[in-house]
Amino acid sequence: MEFNTLLLRGKEVNRYAFGGTQPCISQSSTYAYQSAEDLEKVFNNRLPGFAYTRVSNPTVDAFERRVNELEGGLAALACSSGMAAVSTTLLNLLCSGDEIISSNALFGGTLEFFRELEKFGITTHLVDRMDVDSVAPLINDKTRVIFTEIVFNTSLDVVDVKALAELAHSHALPLVVDATTVTPFILRPFTLGADILVHSSSKYITGSGNAISGIIVDSGRFNWDFERFKALADYRRFQRYAFIARLRSSLWRNLGGCLSPFNAYLNVVGLETLGLRMERICHNAHALANALEGVDGLKVTYPGLASSPYYELVQRQFNGLGGGIINLRTGSRERAFALMNKLKYASLATNIGDLRTLVIYPLTTIYQHIDPKSCARVGVYDDTLRISVGIEDERDLIADFSQAAAFEN
Ligand SMILES: *Cc1c(COP(=O)(O)O)cnc(C)c1O
């Protein structure tokens with residue numbers, strides 16, 4: 001099945017109750033059984049069923065199965081937010097003394113979480129460029145995870161996933177990716193060798209900016225060495241399923257960051273139009289980036305433009321799709337603010353992956369806790385705007401940004 005057909009006709013759709021084309025919203029905390037024996041069996045995984053919504057729930061289960069099917073994974077697990085998915089994944093893999101290699105261009109929340117992990121004896125090495133040449137020299141016998149985004153949210157640097165996966169595997173390490181900005185429409189990371197992926201489904205997957213949520217998907221392909229991955233040692237009998245088994249039966253369940261059934265439902269509904277929305281968003285973003293590149297005084301970063309250093313990689317890895325985010329340098333903070341204040345359609349708001357175009361001045365908002373030098377490394381300067389392009393009509397978007405960018409000075 002092609003992408004959009006799979007979104008509507010995947011086999012998981014046939015499992016919805018009563019033949020519904022959408023799952024029921026099972027807004028119940030607990031599930032009752034007719035006999036003590038049955039309840040005991042459900043708890044012991046000897047009878048299929050649900051017991052308590054923090055642990056499993058029919059609507060959440062529907063969302064997990066659908067994303068897992070789309071990504072081609074072994075199993076998926078939904079979380080209360082994208083950050084819950086990121087933090088739970090790392091805590092499930094790591095012990096005190098272990099090390100992570102990642103990029104200093106990561107989403108700010110993830111970078112801040114790495115700092116918290118220091119207090120638990122887990123060290124992170126951050127590179128400027130997330131490529132084989134920068135990462136390879138940092139791998140040592142304490143390294144347990146290589147973690148990366150694929151198109152970094154804000155710098156828009158693009159990672160060669162296949163090259164990084166090969167490097168990780170040559171050192172018997174898993175590659176864990178945050179695939180939020182690409183979505184399975186642009187790339188299914190497991191096809192290039194990623195082992196575990198997370199999404200902030202608050203963004204493109206739910207799509208309408210209506211449900212904070214996250215999801216973890218395990219490819220089930222990584223061959224864990226339980227002498228090195230001590231965090232998973234109690235689950236060695238599950239072999240390649242050890243990562244998801246520990247999440248499900250202990251770490252995720254007891255951290256308690258479960259997704260609400262209603263938010264799971266919004267995600268299932270949103271997911272079905274992911275292909276349509278992403279096609280439109282990528283088209284609009286490319287057209288807007290192209291138009292703004294011709295405006296005096298603006299410097300545009302968009303991975304899909306021929307002027308991008310990642311253009312060739314975007315053609316090869318993403319089939320030419322540059323995603324939905326544009327970075328714009330305007331010349332000064334004053335101009336950036338003037339541009340924002342003159343926009344008629346775009347909303348001045350944080351978030352990405354909404355139906356609406358959103359614009360933010362990152363330096364003093366989403367990057368306020370990060371020092372200016374680190375901001376510069378991720379492409380955030382005192383004149384930078386981040387645009388999350390929506391599904392409005394291309395001509396309206398271009399006209400709006402063009403009039404707003406007609407600076408007087
Ligand atoms: C938004 C985002 C997150 C965090 O997701 P929340 O749902 O806001 O917790 C993590 N990674 C990336 C790349 C994001 O864009």
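Estimated from helices alone, the mean residue ellipticity of the chain at 222 nm is -10000 deg cm²/dmol (sum of -39500 (n - 2.57) over DSSP H runs with n ≥ 4, per residue). The share of alpha-carbon pairs in segment 1-59 lying farther apart than 19 Å comes to 46%. Here is the list for segment 1-47: GluC sites (Glu not before Pro) lying in DSSP coil, each with at most 14 other C-beta atoms within 10 angstrom of its C-beta, are Glu2.
Global dimensions of segment 128-239 from alpha-carbon coordinates: Rg and Dmax equal 14.9, 44 Å. Taking a ≥ b ≥ c as the square roots of the eigenvalues of the alpha carbon gyration tensor, segment 111-167 is oblate, as a/c is not under 1.5 and a/b does not beat b/c.
Distance from the C-alpha centroid of segment 1-64 to that of segment 145-177: 33 Å, rounded to the whole angstrom.
Charging the Cβ of each Asp and Glu at -1 and of each Lys and Arg at +1, and nothing else, the dipole of the chain about its Cα centre rounds to 780 debye.
For a test of the definition: using alpha carbon positions, the gyration tensor, and the 1.5 limit on a/c, classify segment 1-124 as rounded, prolate or oblate. The shape class here is oblate. When only alpha carbons are used to place a centre, segment 255-326 and segment 179-203 end up 13 Å from one another. Using the average count of surrounding beta-carbon atoms within 10 Å as a protection proxy, the listed peptides 389-397, 41-49 rank, highest first, as 389-397, 41-49.
Ranked by the mean number of other Cβ atoms within 10 Å of their residues, highest first, the peptides 216-222, 177-183 fall in the order 177-183, 216-222.
With the highest mean first, a sort of the peptides 291-304, 322-335 on other beta-carbon atoms found within 10 angstrom per residue produces 322-335, 291-304.
Under 29 Å of direct C-alpha separation, and excluding same-chain neighbours fewer than eight residues apart, Lys41 reaches these lysines: Lys11. On a per residue basis, the convex hull of the C-alpha atoms belonging to segment 274-409 measures out at 107 Å³. In terms of its C-alpha gyration tensor, segment 270-336 comes out oblate, because a/c is 1.5 or above while a/b does not outweigh b/c. What the Cα atoms of the chain give is an Rg and a Dmax of 21.7, 78 Å. Computed over the chain, relative contact order equals 17 percent, with contacts defined as Cα pairs under 8 Å that lie 6+ residues apart.
Computed over protein heavy atoms with a 1.4 Å probe, the accessible surface of the chain works out to 43 Å² per residue.
Computed from the C-beta positions of Glu334 and Phe262, the FRET efficiency with R₀ = 56 Å rounds to 0.85. Rolling a 1.4 Å probe over the protein heavy atoms of the chain, with every protein chain left in place, gives an accessible area that is 51 percent carbon and sulfur. Across segment 297-403, the mean sequence separation of Cα contacts (distance under 8 Å, 6 or more residues apart), normalised by length, yields a relative contact order of 28 percent.
The values are calculated or read from the model by the stated rules, or taken from the named source; none is laboratory data. A quick note: this is a predicted structure, and the numbers were derived from the prediction, not measured. Note that we place each Cβ from the backbone using ideal geometry, even for glycine, and neighbour counts take in every protein chain shown. The area values use the complete protein model at the heavy-atom level, side chains included, leaving out ligands, DNA and RNA. Shrake-Rupley method; radii C 1.70, N 1.55, O 1.52, S 1.80 Å.
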